[in-house]
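Report on the structure given below.
The values are calculated or read from the model by the stated rules, or taken from the named source; none is laboratory data. Small disclaimer: the values here were computed from a predicted structure and weren't measured. Note that each Cβ is placed from the backbone with ideal geometry, even for glycine, and that neighbours are counted across all protein chains shown. Heads up: the accessible areas ignore ligands, DNA and RNA and are worked out on the full protein's heavy atoms, side chains in. Shrake-Rupley method; radii C 1.70, N 1.55, O 1.52, S 1.80 Å.
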Amino acid sequence: MKHFATDEWIDFVNLVNSPKQQEAMKKHLGTGCKRCIETVALWQKVHNTAALEATYQPPATNVRIAKAAFAAAGGATRLKEKSTFLEVLFDSFLQPMVAGARSSGLGSRQMLYRADPYQIDIQIEGKPQGNHLMITGQLLDVSSPGIVGRDVKITLSNHRGNVIHTLTNQFGEFRGEIENTGDLELSFPGQGEKSIVISLRDALGKVPGSKA
């Protein structure tokens, strides 16, 4: 009995060999050849797995951790050379504006900071209803690669007496909503007794009706 080679069965599963070859191989399977049936079953599983992989989207949490870890690899050396306590690695407001986009009143802002022992990923989004800001973020402990900053106390303030306290979860993520007065301050414990403070004036651009 003639057996077909592995590469021929791969082509069979992927439907890339000729119709005549396909027919001959189907007839061979019809004879009950255990060896070839097992080979086809194996490569059919590989084919199906590859098809599912193409549509797979990783969880947003994992993506955020991977992005932060990647940025940390390039930023660690720079931090040692700097004397500043807080380093801005990325700010979407500093990126070139898309043609036709307005220069103020943008709906969201993405930032990435470095301050030992953390790398801080922050996103600020405006909520038109009620004039509030939604702040979401994540802390990555860069002193221990792959470790997130969990159970860290985060304090949000709008410099107008509105203060919100929250804790990072098991993924180092935090979330809080606060009245949009224009300014925003985010603080949390750093190394030793020092606090890490991120202060933003006009966090999402000028608030309508505010003074310059």
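Quick notes on this one:
- The packing ranking, built from the mean of other Cβ atoms within 10 Å per residue, places the peptides 21-33, 4-16 in the order 4-16, 21-33, highest first.
- Percent carbon-and-sulfur accessible area, region 140-205, ignoring ligands, DNA and RNA, probe 1.4 Å: 46 percent
- The residues neighbouring Trp43, those whose beta-carbon lies less than 12 Å from its own, together hold a net charge of -3 under the Lys/Arg +1, Asp/Glu -1 convention.
- Per residue value of the accessible surface for region 166-207 (all protein chains in place, 1.4 Å probe), Å²: 50 Å²
- When each of Lys20/Lys45; Lys2/Lys26; Lys127/Lys153 is checked by Cα-Cα distance, pairs over 21 Å: Lys20/Lys45; Lys127/Lys153
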